[in-house]
Amino acid sequence: MTDPAEAKTIGFTPIYCSDNAMFHVSAGVPINVALAQASDFLFLAKALTEDAAYAKDTDRHAWAAHYLTAMGKALIDDVVKAVSPRPVWKSEKTAG
């Protein structure tokens, strides 16, 4: 398993917009920075969804929240990929 203190994003995770992978997480970002940014995205998305739920004519906030949650999810997914142990395949087990 990767040491979380040294781990960086791997950049394999796409960010989907309208069912298309339009962007991706950049590789090489320290995971503490990526997680802090994901937290910020999710905090803002929560605030926007509250506005959309309670204030009139704020449906545009729902779309902004939708994209912020997609970006936050992609960051978290990429961090999980970076710190999770890589599965060992049968050919790797016998090669050593």
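The values are calculated or read from the model by the stated rules, or taken from the named source; none is laboratory data. Worth saying up front: this structure is predicted, and the values here are computed from it rather than measured. Cβ coordinates were reconstructed from backbone atoms using ideal geometry, including for glycine residues, and neighbour counts include every protein chain displayed.
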For the stretch 41-54, how many residues meet the condition of being of a type outside the set (Phe, Trp, Tyr) and surrounded by fewer than 12 Cβ atoms within 10 Å (Cβ to Cβ)? 1
Hey, does the stretch 74-88 have a residue that's among the charged types (D, E, K, R), modelled with pLDDT under 90, more than 14 Å from the chain's Cα centre (by Cα) and farther than 26 Å from THR9 by Cβ? no
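Taking only the stretch 74-96 into account, find how many residues are in contact (Cβ under 8 Å) with a residue 24 or more places away in the chain and either touching a helix residue (DSSP H, G or I) at 6+ places or on another chain (Cβ under 7 Å) or not aliphatic (A, V, I, L, M) (or both).
Narrowing the stretch 74-96 to residues in contact (Cβ under 8 Å) with a residue 24 or more places away in the chain: 74-79, 81-85.
Next, only the ones that are either touching a helix residue (DSSP H, G or I) at 6+ places or on another chain (Cβ under 7 Å) or not aliphatic (A, V, I, L, M) (or both) stay: 75-79, 81-85.
Counting residues in the stretch 74-96 that are in contact (Cβ under 8 Å) with a residue 24 or more places away in the chain and either touching a helix residue (DSSP H, G or I) at 6+ places or on another chain (Cβ under 7 Å) or not aliphatic (A, V, I, L, M) (or both) gives 10.
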Looking only at the stretch 50-79, how many residues end up being of a type in the set (Ser, Thr, Tyr) and over 19 Å from SER18 (Cβ atoms)? 2
In the stretch 1-51, what residues are within 20 Å of SER84 (Cβ to Cβ), in a loop (DSSP other than H, G, I, E, B) and free of Cβ contacts under 8 Å to residues at least 12 places away in the same chain? ASP3, ALA5, GLU6
Read through the list (1) charged (D, E, K, R); (2) free of Cβ contacts under 8 Å to residues at least 12 places away in the same chain; (3) assigned to a helix (DSSP H, G or I), then give the number of the only condition that LYS56 fails. (3)
